[in-house]
Amino acid sequence: MTVGTKSQYQQCIDRAQRMGGTTRVTELGDGSYRVVGSRADLYTVRVDAEGNYACTCPAGRHDTPCWHSAAAWLLRAAQSAAGIAPAEPRESDATLRARLLDESRERARHIDELDVPLADYFTTAA
Ligand SMILES: [Zn+2]
């Protein structure tokens, strides 16, 4: 998760606006955005369900605020101002992990509840 001071975020937003703002951002869906960097390099910004931004650029990989995330934020802010719901954010990794764990526990419980041994279940069900 990217952590910065208010003035760092403001600098990133200012830079994003100088760089062309939302014109550099392509929405990919699932809370992912492609941002064209200052040297035409492509970075991916992801927004999770908690509204945390992560960017694949060198700064973003060190959890430092960057203007790519700010540009994606500007797009989402513009969409929300225009009454367009931003793409549903993808589940955060922690949420996804917890859900998958619950689902696999649930499946394991169903297997435990079978009154015949699992091997018999497959042979008799066939
Ligand atoms: Zn970045």
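Bear in mind that the values in this text are calculations on the coordinates, not laboratory data. Everything quoted here is computed from the prediction, not taken from an experiment. So basically every Cβ, Gly included, is an ideal-geometry build from the backbone, and we count neighbours across all protein chains shown.
Here are some notes:
- Measuring r between the beta carbons of residue 6 and residue 104 and using R0 = 41 Å, the FRET efficiency lands at 0.50.
- Ordering of 3-13, 69-79, 24-34 by packing [mean C-beta count within 10 Å, highest first]: 69-79, 24-34, 3-13
- Considering only the Cα atoms of the range 6-81, their convex hull presents on average a projected area of 4.8 nm².
- Principal semi-axes of the equivalent ellipsoid, √(5λ) from the alpha carbon gyration tensor of the range 44-108, are 28, 18, 6 Å from largest down.
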